[in-house]
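Enquirer: If you scroll down you'll find the structure; I have some questions about it.
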Amino acid sequence: MNTIDLLKTLSATFGPSGFETEVRETLRGLVKPLVDEVQVDALGNLIAIRHGQSTRKIMLDAHMDEVGFMISHIEENGFLRLAPLGGWDARILPSHAVSIQIRSGEKVRGIIGSAPPHILTAEERHKSIELVDLFVDVGVDSAKEIEALNFHVGDPAVIEYPFQQVNSNTLTGKAFDDRAGCAVAVQALQQLQHENLPWTLAVAFVVREEIGLRGARTAAYQIQPDIALALEGTIAADVPGVPPNKQPTQMGKGPAISIGDRSFIVPREMVIFLEELAQNLNLPYQHKTPLYGGTDAGAIHESREGVMTGIISVPCRYIHAPLSMMRLTDFEQTVQVTKAFVQQAPKRFGS
Ligand SMILES: [Zn+2]
């Protein structure tokens with residue numbers, strides 16, 4: 001599968017935190033031919049293993065889940081209320097389209113409704129919005145009809161728009177956080193397919209990052225890696241109104257090497273190693289400004305006796321929003337550095 005089709009497929013797949021089955025099955029099909037073993041643990045993490053010359057292990061991590069919602073309440077008049085799965089800014093939600101997955105697996109389209117501007121007072125128009133004030137309209141008139149359509153409290157939902165290539169180097173789609181990281185891992189496996197690996201490579205596609213790094217915690221425990229690299233689609237905020245010191249990363253400036261975030265301070269020798277990998281490949285790179293966001297590295301580095309861990313990300317604008325944007329070149333360069341990491345990290349950190 002080529003890069004655009006891979007990103008399109010993974011972006012379109014439904015998988016809010018706790019409901020990653022579709023993403024897992026899609027990834028399982030993609031990685032099975034590339035590895036020696038595929039396992040799924042009790043939480044739903046997918047772990048793909050390629051045996052190396054040594055049984056020591058490198059772990060690559062990418063989270064399968066995306067931010068989404070659950071139905072929290074059904075109103076008598078058929079409107080649905082939402083609870084968040086992951087971090088949302090409620091101000092950006094009104095009037096977007098959602099897909100709700102009912103228990104049969106079928107998706108039902110709805111709108112996050114809002115009162116028409118015509119009837120709002122000036123004061124109401126400037127009031128802040130909370131998720132509890134919002135509702136989803138699926139076009140029915142009563143809770144009875146909702147029941148007949150097989151909706152239940154707890155059904156998961158995402159905001160859903162199609163993936164598009166808007167110009168030769170720019171892509172838009174949902175869930176680039178972290179399907180971009182998942183796609184980096186798949187392509188790294190593809191590119192390493194015919195190479196002997198010094199150490200065993202365990203690629204963990206994990207669940208429930210957005211609600212507390214949960215899948216990564218159990219994945220790292222069972223893999224017992226010597227070295228780990230978390231792959232992310234991270235916050236690019238190089239947009240009007242944001243001063244440079246508040247831009248975690250910038251789109252189009254190459255892979256983002258993390259120095260530290262709220263969950264983890266990256267060891268300096270790991271930061272330098274990742275910089276050198278990019279330099280030796282003649283690739284641009286940038287640092288993700290500390291200390292924004294949290295990543296699976298926060299859980300992985302403190303597994304068991306501790307794990308030497310790094311983080312590299314594809315800069316994506318508008319994550320945790322209905323549509324994200326990324327550059328193909330940033331993505332491809334992140335794959336190159338990730339591949340080099342798998343090849344060279346044992347030598348650097350192996351003793
Ligand atoms: Zn993420």
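The values are calculated or read from the model by the stated rules, or taken from the named source; none is laboratory data. Here the structure is a predicted model, which means the values were calculated and not measured. Here the Cβ is made from the backbone with ideal geometry for all residues, glycine too, and neighbour counts use every protein chain on show.
Enquirer: Run Ile300 past the list (1) more than 24 Å from Val186 (Cα to Cα); (2) within 16 Å of the ligand (Cβ to nearest atom); (3) not hydroxyl-bearing (Ser, Thr, Tyr) and report the number of the one that doesn't hold.
Expert: (1)
Enquirer: Further question: Looking only at the stretch 133-172, filter to residues that are of a type in the set (Ser, Thr, Tyr) and under 23 Å from Ile312 (Cα atoms); which one of those is farthest from the ligand (Cβ to nearest atom)? So that I can check it myself, show each step before the final result.
Expert: From the stretch 133-172, those of a type in the set (Ser, Thr, Tyr) are 142, 161, 168, 170, 172; that's our starting set.
Narrowing further to those that are under 23 Å from Ile312 (Cα atoms): 170, 172.
Working: Thr170: 20, Thr172: 17 Å.
Looking at residues that are of a type in the set (Ser, Thr, Tyr) and under 23 Å from Ile312 (Cα atoms), I get Thr170.
Enquirer: Out of the strands (runs of 3 or more DSSP E) lying entirely within the stretch 1-99, which hold 3 or more residues that are surrounded by fewer than 21 Cβ atoms within 10 Å (Cβ to Cβ) and in contact (Cβ under 8 Å) with a residue 24 or more places away in the chain? Don't jump to the end; show me each part of the working.
Expert: On the way: elements: 37-40, 46-50, 54-63, 68-74, 80-85.
Because the criterion is at least 3 residues that are surrounded by fewer than 21 Cβ atoms within 10 Å (Cβ to Cβ) and in contact (Cβ under 8 Å) with a residue 24 or more places away in the chain, the strands (runs of 3 or more DSSP E) in the stretch 1-99 that meet it are 54-63, 68-74, 80-85.
Enquirer: Please specify each residue of the stretch 261-297 satisfying the condition of being within 13 Å of the ligand (Cβ to nearest atom), of a type in the set (S, T, N, Q) and modelled with pLDDT of 95 or more.
Expert: Listed by number, the list holds a single entry, Thr295.
Enquirer: Exactly one condition in (1) touching a strand residue (DSSP E or B) at 6+ places or on another chain (Cβ under 9 Å); (2) over 30 Å from Arg50 (Cα atoms) is false for Asp177; which is it?
Expert: Against the list (1) touching a strand residue (DSSP E or B) at 6+ places or on another chain (Cβ under 9 Å); (2) over 30 Å from Arg50 (Cα atoms), Asp177 comes up short only on (2).
Enquirer: Of (1) under 20 Å from the mean Cα position of the chain (by Cα); (2) within 30 Å of Ala345 (Cα to Cα), Thr55 satisfies all except one. Which?
Expert: (1)
Enquirer: Here is a list: Leu197, Leu213. Which entry is in the same structural domain as Val23 (by TED's automatic domain parsing) and under 17 Å from Ile49 (Cα atoms)?
Expert: On the way: Leu213 fails: under 17 Å from Ile49 (Cα atoms).
None of the others qualify; the one that does is Leu197.
Enquirer: His194 versus (1) part of a loop (DSSP other than H, G, I, E, B); (2) touching a residue at least 60 places away in the same chain (Cβ under 8 Å); (3) away from the ligand (no atom under 16 Å from the Cβ): which is the lone unmet condition?
Expert: Condition (2) is where His194 drops out.
Enquirer: Please find, within the stretch 178-193, the residue that is surrounded by the fewest Cβ atoms within 10 Å (Cβ to Cβ) out of those that are within 13 Å of the chain's Cα centre (by Cα) and of a type outside the set (Val, Ile, Thr). Explain how you work it out, then say what you get.
Expert: As a first pass, look at the stretch 178-193 and keep what is within 13 Å of the chain's Cα centre (by Cα): 178-185.
Narrowing the set further to residues that are of a type outside the set (Val, Ile, Thr) leaves 178-183, 185.
Values: Asp178: 32, Arg179: 32, Ala180: 29, Gly181: 33, Cys182: 30, Ala183: 28, Ala185: 25.
Among them, the one singled out is Ala185.
Enquirer: When the residues of the stretch 309-323 are narrowed to those that are buried (at least 24 other Cβ atoms within 10 Å of the Cβ) and within 14 Å of the ligand (Cβ to nearest atom), which ends up nearest to Ile112 (Cα to Cα)?
Expert: Per the stated criteria, the residue is Ile319.
Enquirer: What is the residue count in the stretch 114-138 for residues that are surrounded by 14 or more Cβ atoms within 10 Å (Cβ to Cβ), touching a residue at least 24 places away in the same chain (Cβ under 8 Å) and not in a helix (DSSP H, G or I)?
Expert: The number of residues fulfilling the criteria is 6.
Enquirer: Hey, another quick one. For residues that are over 21 Å from Val242 (Cβ atoms) and surrounded by fewer than 20 Cβ atoms within 10 Å (Cβ to Cβ), tally how many sit in the stretch 286-301.
Expert: 0
Enquirer: Something else: Being touching a helix residue (DSSP H, G or I) at 6+ places or on another chain (Cβ under 9 Å) and among the charged types (D, E, K, R) is the filter; apply it to the stretch 16-41 and report the residue that is nearest to Met70 (Cα to Cα).
Expert: Glu20
Enquirer: From the list Ala219, Ala228, Ala175, pick out the single residue that is touching a residue at least 24 places away in the same chain (Cβ under 8 Å), within 12 Å of the ligand (Cβ to nearest atom) and buried (at least 22 other Cβ atoms within 10 Å of the Cβ).
Expert: Numbers: Ala219 fails: within 12 Å of the ligand (Cβ to nearest atom); Ala228 fails: within 12 Å of the ligand (Cβ to nearest atom).
Being touching a residue at least 24 places away in the same chain (Cβ under 8 Å), within 12 Å of the ligand (Cβ to nearest atom) and buried (at least 22 other Cβ atoms within 10 Å of the Cβ) holds for just one of Ala219, Ala228, Ala175, which is Ala175.
Enquirer: To continue, here is another question. Among the numbered criteria (1) surrounded by 13 or more Cβ atoms within 10 Å (Cβ to Cβ); (2) farther than 24 Å from Phe69 by Cα; (3) of a type outside the set (S, T, N, Q), which one does Val166 miss?
Expert: With (1) surrounded by 13 or more Cβ atoms within 10 Å (Cβ to Cβ); (2) farther than 24 Å from Phe69 by Cα; (3) of a type outside the set (S, T, N, Q) applied to Val166, the lone miss is (1).
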